[in-house]
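The values are calculated or read from the model by the stated rules, or taken from the named source; none is laboratory data. Note that the structure is a prediction, hence the values are computed from the model and not measured. Glycine gets a Cβ as well: all are built from the backbone with ideal geometry, and neighbour counts include every protein chain shown. These area figures cover heavy atoms from the full protein model, side chains too; ligands, DNA and RNA do not enter into them. Shrake-Rupley method; radii C 1.70, N 1.55, O 1.52, S 1.80 Å.
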Amino acid sequence: MNSSFDHTELCGAIHLHTTFSDGGVTYPVLIEAARQVGLDYIVVTDHASLAGREAGYEGFFGDLLVCVGYEHNDAANLNHYLALGCDTVVTFHDTPQGYVDRIKAQGGIGFIAHPIEVRHYFAKYPPYPWKDWNVSGFDGVELWNQMSDWLENLKSPLHFVKLFYPRRFLLEVKRELLEHWDALNRTRFVSGIGGVDAHTMKMKLGPFGLTIFPIKVELKGIRTHVYVDRQLPPADAPGAKAMLLSALKNGNGFVSNFRRGDAKGTLIFLLDKQGRAFSPGLCATVPELPARLCVSVPDKSEVRLIRNGQRCAVCIGRQAEFPITSEGIYRIEVFKGKYAWIYSNPFPVGRYPL
Ligand SMILES: [Zn+2]
Ligand SMILES: [Zn+2]
């Protein structure tokens with residue numbers, strides 16, 4: 001494997017709720033858990049609240065960068081949107097296009113949350129899908145939402161195995177959402193992130209209160225990894241946050257499911273004709289053809305190359321190198337058996353629109 005890909009990888013968890021909205025943990029507990037499981041960053045998104053920032057929880061805690069955004073929704077509690085990098089919560093009961101635009105006008109970025117959520121087994125936990133696909137200007141979509149997958153699989157409270165081993169049922173990103181994401185990416189770049197949607201829910205079983213999804217377990221599931229060009233500056237938290245948000249907006253990385261293995265150390269990059277290395281996502285320059293798409297994963301698996309939404313090559317092993325000879329939108333999926341492990345953001349090879 002060519003080692004010309006200079007990068008620093010940051011592995012983190014996005015879409016976490018605390019006691020400032022409907023989550024079950026306080027910031028200190030969340031921060032301690034994130035440090036204990038070795039994350040580089042967390043992105044907290046309480047509902048319509050930036051209280052975590054006002055309380056002084058944004059910045060570095062040891063090596064952990066804590067970024068405080070929030071989750072927006074419309075008057076019908078649909079069209080949830082993860083807003084990062086905003087100074088204020090924008091007017092609450094606005095239209096989706098309204099809040100997408102207002103968040104952008106503040107210099108923030110936004111990701112459509114749980115876009116096609118379909119859970120419908122518990123009246124108390126209805127689905128909150130994104131309904132308004134005419135909206136433009138969003139930066140990305142939450143490809144994989146850990147809580148959605150769990151609730152969709154939990155068809156009855158009697159499914160105790162699923163109740164107590166929630167990550168076992170994180171299978172793969174919905175094909176329907178991948179198709180939609182691929183279609184969006186044919187016209188403009190739309191970044192993909194993974195979300196935990198951690199609520200650390202408590203359930204009453206008889207006289208006992210039971211936390212069914214402890215925060216340390218929640219943080220060992222869906223993760224978002226980004227490649228940045230240097231170490232985060234420990235003495236400059238705003239600068240570090242800007243680096244992280246830029247990498248998330250530009251999709252410079254991949255989503256993994258820790259339940260299938262720790263994906264830290266994974267390399268996914270493109271080497272162009274001139275020998276220049278490109279990370280996934282948007283980059284300042286366009287790669288020159290012919291190129292090679294290089295993948296190195298920490299464990300033997302099935303590495304799939306996707307071009308314009310179609311699988312076009314497969315390689316079994318820990319390393320793969322795919323020749324790229326034509327323009328298109330390329331991305332990588334890594335599976336272990338029937339379970340998805342890693343989804344890279346797309347490499348746009350050529351100028352938009354393709
Ligand atoms: Zn939501
Ligand atoms: Zn949420």
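Tabulated data
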{"quantity": "Qualifying residues in the stretch 265-309 (those that are of a type in the set (Gly, Ala, Ser) and in a loop (DSSP other than H, G, I, E, B)) - the one farthest from THR325 (Cα to Cα)", "calculated": "GLY265"}
{"quantity": "Subset of the stretch 143-173 that is under 14 Å from PRO129 (Cα atoms) and either touching a Leu at 6+ places or on another chain (Cβ under 9 Å) or surrounded by fewer than 17 Cβ atoms within 10 Å (Cβ to Cβ) (or both) - its residue that is modelled with the lowest pLDDT", "calculated": "ASP149"}
{"quantity": "Members of the stretch 77-97 found to be more than 14 Å from GLU142 (Cα to Cα) and either within 13 Å of ligand 1 (Cβ to nearest atom) or surrounded by 15 or more Cβ atoms within 10 Å (Cβ to Cβ) (or both), listed by number", "calculated": "ASN77, LEU78, GLY85, CYS86, VAL89, VAL90, ASP94, PRO96, GLN97"}
{"quantity": "Matching helices (runs of 4 or more DSSP H) fully within the stretch 25-119 where at least 2 residues are more than 14 Å from ligand 2 (Cβ to nearest atom) and over 22 Å from HIS199 (Cβ atoms)", "calculated": "96-105"}
{"quantity": "Number of the condition not met by GLU9 [criteria: (1) farther than 17 Å from SER246 by Cβ; (2) of a type outside the set (A, V, I, L, M); (3) away from ligand 2 (no atom under 16 Å from the Cβ)]", "calculated": "(1)"}
{"quantity": "HIS15 open to solvent by 10 Å² or more (accessible area, probe 1.4 Å), farther than 30 Å from LYS273 by Cβ and touching a residue at least 12 places away in the same chain (Cβ under 8 Å)", "calculated": "no"}
{"quantity": "Matching option when the condition is β-branched (Val, Ile, Thr) and over 22 Å from the mean Cα position of the chain (by Cα), among ILE332, ILE316", "calculated": "ILE316"}
{"quantity": "Long-range neighbours under 6 Å by Cβ, at least six apart or interchain, first residue buried (at least 20 other Cβ atoms within 10 Å of the Cβ) and in a strand (DSSP E or B) within the stretch 321-336, second of a type in the set (Phe, Trp, Tyr) and at pLDDT 95 or above", "calculated": "TYR330/PHE347; GLU333/TYR343; VAL334/TRP341"}
{"quantity": "Index of the failed condition, GLY59 passing every other in (1) within 26 Å of CYS283 (Cα to Cα); (2) in contact (Cβ under 8 Å) with a residue 40 or more places away in the chain", "calculated": "(1)"}
{"quantity": "Flag if GLY69 is in contact with a strand residue (DSSP E or B) (Cβ under 7 Å, 6 or more places away or on another chain) and among the small types (Gly, Ala, Ser)", "calculated": "yes"}
